[in-house]
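Asks: Can you keep this structure in mind? I'll have questions shortly.
The values are calculated or read from the model by the stated rules, or taken from the named source; none is laboratory data. Values in this document were obtained by computation on a predicted structure and should not be read as measured data. Neighbour counts run over all protein chains shown; Cβ positions are idealised from the backbone, glycine included.
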Amino acid sequence: MRKTLLRALALATSGLAACVMAACGTGTPAANSSGTQQEGVLRIGTLTDAPPAIYQQDGEFTGYDNELLKVIAAKEGLKTEFVGTEFSSLLSQVNNGQFDVGSSSISSTAARKKTVDFSNGYSTGFTSIITRTGAGSAEVGGYAGKRLGVVQASIQDDFASSKVPGAEVVRFPGYNEGFAALRNGGVDGWVVPKEIGQKYIDQNPDIALEHAFTVETKDTPSAYAVRKGNTALLDKLNHGLAEAIKDGTLEQLYTRFYPNQPLPDELKKGGAGLPVTNS
């Protein structure tokens, strides 16, 4: 009996040790000294269909946001691993530790700061309502009773829901689905970041489309999302971003992906940057 009890105790003890070593349990994965789940590797949630900011080409994740993040990671001695996801679930996936970073032109709004922390900003932009040529309105009030397509949980979803009186908001999981609805007449307008909308217009010259309404969104710059309280990783992202601004790498990438869109002075070579304060 004594031998049996000792054997059972040894098995239980070894099982507990294995569980500890493997980080068993359902809680949020603990970050290591680099602020990541896996030492030296950033696991990044991003999108596949929002050029020129974030997209997939020839099986590789690219776009301004992701190329800049690769530069930041390299400056901090980190590697990158990109995984495609839907925007509507991205912030919760960052918060629960599934991803170390969210990269998706995420506007750093006060509401989102309740779920995640943000790096300093790396771009500002404009929100557009794209319609068939001549079918839209230059006034936001002209969309009452119109069906407006948005990517679910995006800043454009917030805009269409709260600042376009009388509009019927139709939510989609991604940009491709929203554009398809605009193309086939399922929606009257498509609310998107201006540069992303322009890319779709350029790639589909067979459809007569225009930016019927545009508004600047500079007060909530795009930033990378990290799990709340992950200051180790946040500090690395902000340091690498500051270096990319200082040496002009950010400006070079921006000019490459947005040749016709002005870059804020704060992000030009040697600029002061766009600080983001987390609540």
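Asks: When you go through (1) crowded, with 24+ Cβ neighbours inside 10 Å; (2) at pLDDT 95 or above one by one for SER154, which number turns out not to apply?
Replies: (2)
Asks: For region 246-264, state whether one or more residues are in the same structural domain as SER119 (by TED's automatic domain parsing), over 14 Å from SER123 (Cα atoms), hydroxyl-bearing (Ser, Thr, Tyr) and in contact with a strand residue (DSSP E or B) (Cβ under 9 Å, 6 or more places away or on another chain).
Replies: No: zero hits.
Asks: State whether the residues of region 212-230 include one that is in contact with a Ser or Thr (Cβ under 9 Å, 6 or more places away or on another chain), closer than 14 Å to ILE130 by Cα and not hydrophobic (A, V, I, L, M, F, W, C).
Replies: Yes, region 212-230 contains at least one residue that is in contact with a Ser or Thr (Cβ under 9 Å, 6 or more places away or on another chain), closer than 14 Å to ILE130 by Cα and not hydrophobic (A, V, I, L, M, F, W, C).
Let's see how each residue does on (1) modelled with pLDDT of 50 or more; (2) among the β-branched types (Val, Ile, Thr); (3) on the phi > 0 side of the Ramachandran plot; (4) in contact with a helix residue (DSSP H, G or I) (Cβ under 8 Å, 6 or more places away or on another chain):
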position	(1), (2), (3), (4)
LEU5	no, no, no, no
SER14	no, no, no, no
ALA17	no, no, no, no
THR26	no, yes, no, no
GLY35	yes, no, yes, yes
VAL41	yes, yes, no, no
ILE44	yes, yes, no, yes
GLY59	yes, no, yes, no
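Asks: Here are some conditions: (1) of a type in the set (Val, Ile, Thr); (2) surrounded by fewer than 15 Cβ atoms within 10 Å (Cβ to Cβ); (3) under 22 Å from ASN176 (Cα atoms). ILE196 meets all but one. Which one does it not meet?
Replies: (2)
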